[in-house]
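J.: Let me begin by handing over the structure; questions about it come next.
The values are calculated or read from the model by the stated rules, or taken from the named source; none is laboratory data. Keep in mind that this is a model prediction, so the values were computed, not measured. Neighbour counts run over all protein chains shown; Cβ positions are idealised from the backbone, glycine included. With ligands, DNA and RNA removed, areas are computed over all heavy atoms of the protein, side chains included. Shrake-Rupley method; radii C 1.70, N 1.55, O 1.52, S 1.80 Å.
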Amino acid sequence: MKEAQHGKREIIPNINLAMEQAVIAGLLSSPDAIFDVADRLQPEMFSDQRLRFVYQAILSLVEAGTGIDMLTVENEMLRKDCGLYEQLNGLSFLSEMLLDVRTDAHIRIHADELVRCYTLRRLVNGLKKKETEAQLPSADVAQLLTGVEELAGTLRNGMAHT
């Protein structure tokens, strides 16, 4: 039974781990691709903390003007958080993924999907908060509606800047 489930990917709403992995693999295989996505893709948009950590290391290297390759990324990961680096065993947790993605050809499309998923997660979380507030006996309808409109505006503006 476990083997049958192993082949299936777990579907989690508004999280696309395959796209997150494809972005990181694309960046590691084609270092200049960071310039195609850095302006739209923020570390917090990665739902997988391991991939977020790798992306943060890549961004740090770009900011420092250092070239991106497996060695410089691993060194930056080690510098940023030795404990997490050791827990992940460097970039070795990416080895299978790097075999699957050998190009950055669709990195902008993948990055756009990560932005979309991140925006949807923020929308769901924001609406859940508003739902909780709406259930309070002292709920102010006008204030709640204003809050929902502000949430929508913030998310819309975030999408426009990507």
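J.: Would you mind working out the magnitude of the charge dipole of the chain relative to its Cα centre, with +1 at each Lys and Arg C-beta and -1 at each Asp and Glu C-beta, to the nearest 20 Debye? Provide the component values of the computation, followed by the final result.
T.: Numbers: 17 positive and 24 negative charges, 85 e Å.
Taking the Cα centre of the chain as origin, the dipole is about 400 debye.
J.: Restricting attention to the stretch 82-156, which GluC sites (Glu not before Pro) occupy a DSSP loop and are surrounded by at most 11 other Cβ atoms within 10 Å? Don't jump to the answer; show the numbers that get you there.
T.: On the way: sites: E86, E96, E113, E131, E133, E149, E150; in loops: none.
Taking the stretch 82-156 and a limit of 11 other Cβ atoms within 10 Å, no loop GluC sites (Glu not before Pro) are found.
J.: Please give the per residue volume of the convex hull enclosing the alpha carbon atoms of the stretch 66-162, rounded to a whole number of Å³. Write down the numbers at each step before the final one.
T.: Details: hull volume 16.8 nm³, N = 97.
Convex hull volume per residue, Cα atoms: 174 Å³.
J.: Shifting gears a bit: Springs between alpha-carbon atoms under 10 Å, Gaussian network over the chain: tell me which of L51, L151, L27 tops the mean-square fluctuations.
T.: Taking springs between Cα atoms under 10 Å, the residue moving most is L151.
J.: Turning to a different aspect of this structure: At 222 nm, what helix-only mean residue ellipticity would the chain give, in deg cm²/dmol to the nearest 500, using -39500 (n - 2.57) for each DSSP H run of four or more? Before the final figure, lay out each step's value.
T.: Values: 9 runs with 110 residues, N = 162.
The helix contribution divided over the chain gives -21000 deg cm²/dmol.
J.: While we're on this one: P(r) for the chain, please, calculated from all Cα pair distances in 10 Å bins and given in %.
T.: In order of increasing distance, the bins hold 10, 32, 29, 18, 10, 2 percent.
J.: Of L61, M19, Q87, whose Cα points farthest to the positive end of the dipole of the chain (charges on the beta-carbon: +1 Lys, Arg; -1 Asp, Glu; origin at the Cα centre)?
T.: Towards the positive end, the residue furthest out is M19.
J.: At 1.4 Å probe radius, can you tell me the per residue accessible area of the chain in Å²? Spell out each step's value before the answer.
T.: Values: 10250 Å² over 162 residues.
Roughly 63 Å² per residue, with all protein chains present.
J.: In whole Å, what are the extents of the stretch 111-151 along the principal axes defined by its C-alpha atoms, from largest to smallest?
T.: 41, 15, 5
J.: Report the full-extension gain for the segment V141 to L17: residue separation times 0.36 nm, less the Cα-Cα distance, to one decimal in nm. Each step should come with its number before you reach the end.
T.: Numbers: separation 124, 0.36 × 124 = 44.64 nm, distance 3.75 nm.
Value of the extension gain: 40.9 nm.
J.: Could I ask something else about it? How do 55-65, 15-25 rank on mean C-beta neighbours within 10 Å, highest first? List each step's numbers first, then the result.
T.: Details: 55-65: 16.8, 15-25: 21.3.
Highest-to-lowest ranking by the protection proxy: 15-25, 55-65.
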